[in-house]
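This report refers to the structure that appears directly beneath it.
The values are calculated or read from the model by the stated rules, or taken from the named source; none is laboratory data. These numbers come from a predicted model, not from an experiment. Here the Cβ positions follow ideal geometry from the backbone for every residue, glycine too, while neighbour counts run over all protein chains shown. Note: areas computed on protein heavy atoms with side chains; ligands, DNA, RNA excluded. Shrake-Rupley method; radii C 1.70, N 1.55, O 1.52, S 1.80 Å.
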Number of protein chains: 2
Amino acid sequence: MEKTKQRIIDAAIILFTTKGYDGTSIRELSKKANVNVGHISYYFENKAGLHEHLLSSFFDQYVTILENVYKRMPAISAKECILECVEKTMKFHRENRQLARYVYREVTLDTMLVREIMSTYLTKEKYYYKAILEKGHKAKEFIVPSVLLAVMQLKSMISTPFLQSQYLAEVWHIMPYETSAIDQYEKVIVQWLEQSIFTKPKLDRIAL
Amino acid sequence: MEKTKQRIIDAAIILFTTKGYDGTSIRELSKKANVNVGHISYYFENKAGLHEHLLSSFFDQYVTILENVYKRMPAISAKECILECVEKTMKFHRENRQLARYVYREVTLDTMLVREIMSTYLTKEKYYYKAILEKGHKAKEFIVPSVLLAVMQLKSMISTPFLQSQYLAEVWHIMPYETSAIDQYEKVIVQWLEQSIFTKPKLDRIAL
């Protein structure tokens, strides 16, 4: 029975990303997933419920990854912690690339659902990153002049291969889904960390 | 007569951003702009033409700003050039914030129009930033281990207040459209430049 649920989810990811949420009907979903419309209502009530499930489950898994890495401190240093967050969240995004792209587009919308996602999951994400960065700052592992800056940059680096996949392909001729490109890209992120976070520049701490 | 054209554009920006492109009809556009449907077809042929005009004209103005700053070299240094690009493009985005938000969401889509935008405007954008960064690198003004890294970061920093405006508001309680917040945010970008581009870390240059 769980298989049916997964088939509906897989179909929704494909149809929502290609035809858009509004452009997708429950009928198409049931056809694509090869299930009865009744199954969709049973598991998700309606299209909105299915859409909500996609976003919530994505961010729920994502935040859980951050939480588990965060909990490993102080056994591991803040620096190791950040590197592990990057590695594990990138892996999670790669394994759910189509969903990731859809989700990152959706959260740029101004809707009630997005507001809820932010007040729950993205507030937790901020909490973990902030805690890790401030721990490393306090322990003098590195200097973070602006937590906002660091978190925004980190977030954008991690979401770029998915949200900007076409830009990377068309303009930079990088296929963000090829393993070699991903490995190279992760090297870039780590290098950015070394360069802009794990170095100790002489800078004043500012408000943001 | 140009006033009519502008009224149609202003109406399109509002309706496309609030109701979405698909959710907006030519009839609503003509009502909102207070013009005849005939005027819309006269200036833009149809809704698709209007949509294309919004994206093209935005990126056309944006790239022209970069080009004009770029041309001021060698009169100004690469560093001054980058800082001026940031300042002027941020100003342009602020003055067109609703359009900016719409445009940045649109270019995450995988469409023919977006492909054209990328192969024309965003390829130019890459060209100017690449040229400026490499000039500064050659002139030993600063070290850029990865041009891709620098350009992607710069682009995301500049588009974040518009593409992620709700995230900034909900999660960081920053109102990205308030002058004080924008000024603070520009300070953050400049600081990031000082930190990760205008410093000279000991790093190997990598492919990306």
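Looking for whichever is away from chain B (no Cβ under 14 Å) and more than 20 Å from A:VAL103 (Cβ to Cβ) here; the options are A:GLY38, A:GLY49. Which one fits?
Being away from chain B (no Cβ under 14 Å) and more than 20 Å from A:VAL103 (Cβ to Cβ) holds for just one of A:GLY38, A:GLY49, which is A:GLY38.
Restricting attention to the stretch A:48-79, which residues are in contact with a Cys (Cβ under 8 Å, 6 or more places away or on another chain) and of a type in the set (Phe, Trp, Tyr)?
Hit for the stretch A:48-79 is A:TYR70, nothing else.
Taking the options A:SER180, A:SER119, name whichever one is small (Gly, Ala, Ser) and more than 9 Å from chain B (Cβ to nearest Cβ).
Of A:SER180, A:SER119, the one residue that is small (Gly, Ala, Ser) and more than 9 Å from chain B (Cβ to nearest Cβ) is A:SER180.
Of everything in the stretch B:44-101 that's of a type in the set (Gly, Ala, Ser) and part of a helix (DSSP H, G or I), which residue is farthest from B:LEU163 (Cα to Cα)?
Checking each candidate, the answer is B:ALA78.
Of the residues A:TYR104, A:TYR127, only one is within 11 Å of chain B (Cβ to nearest Cβ), out of contact with any His (no Cβ under 8 Å at 6 or more places or on another chain) and crowded, with 19+ Cβ neighbours inside 10 Å; which?
Result of the check over A:TYR104, A:TYR127: A:TYR104.
Are any residues in the stretch B:141-157 closer than 14 Å to B:ALA131 by Cβ and out of contact with any His (no Cβ under 8 Å at 6 or more places or on another chain), and if so, which ones?
Correct list: B:GLU141, B:VAL147, B:ALA150, B:VAL151, B:LEU154.
Does A:LEU148 qualify as being more than 12 Å from the chain's Cα centre (by Cα), over 30 Å from A:ASP22 (Cβ atoms) and in a helix (DSSP H, G or I)?
Spelling it out, A:LEU148 is indeed more than 12 Å from the chain's Cα centre (by Cα), over 30 Å from A:ASP22 (Cβ atoms) and in a helix (DSSP H, G or I).
For A:ILE65, which of the numbered conditions (1) touching a residue at least 40 places away in the same chain (Cβ under 8 Å); (2) β-branched (Val, Ile, Thr); (3) within 29 Å of A:ILE143 (Cα to Cα) fails to hold?
Only one criterion in (1) touching a residue at least 40 places away in the same chain (Cβ under 8 Å); (2) β-branched (Val, Ile, Thr); (3) within 29 Å of A:ILE143 (Cα to Cα) is unmet by A:ILE65, namely (1).
Determine whether A:GLY23 is over 22 Å from the mean Cα position of the chain (by Cα), closer than 24 Å to A:VAL107 by Cβ and either surrounded by fewer than 18 Cβ atoms within 10 Å (Cβ to Cβ) or in the same structural domain as A:ILE182 (by TED's automatic domain parsing) (or both).
It is true that A:GLY23 is over 22 Å from the mean Cα position of the chain (by Cα), closer than 24 Å to A:VAL107 by Cβ and either surrounded by fewer than 18 Cβ atoms within 10 Å (Cβ to Cβ) or in the same structural domain as A:ILE182 (by TED's automatic domain parsing) (or both).
Mind checking which residues of the stretch B:1-20 are within 18 Å of B:ASN96 (Cα to Cα) and in a loop (DSSP other than H, G, I, E, B)?
If the condition is that a residue be within 18 Å of B:ASN96 (Cα to Cα) and in a loop (DSSP other than H, G, I, E, B), then B:GLY20 is the only one that fits.
Might you check whether a residue that is over 23 Å from A:LYS124 (Cβ atoms), open to solvent by 20 Å² or more (accessible area, probe 1.4 Å) and of a type in the set (D, E, K, R) occurs anywhere in the stretch A:43-65?
Yes, because at least one residue in the stretch A:43-65 is over 23 Å from A:LYS124 (Cβ atoms), open to solvent by 20 Å² or more (accessible area, probe 1.4 Å) and of a type in the set (D, E, K, R).
Which one of these does A:TYR128 not meet: (1) among the hydroxyl-bearing types (Ser, Thr, Tyr); (2) part of a helix (DSSP H, G or I); (3) closer than 30 Å to B:VAL114 by Cβ?
Condition (3) is where A:TYR128 drops out.
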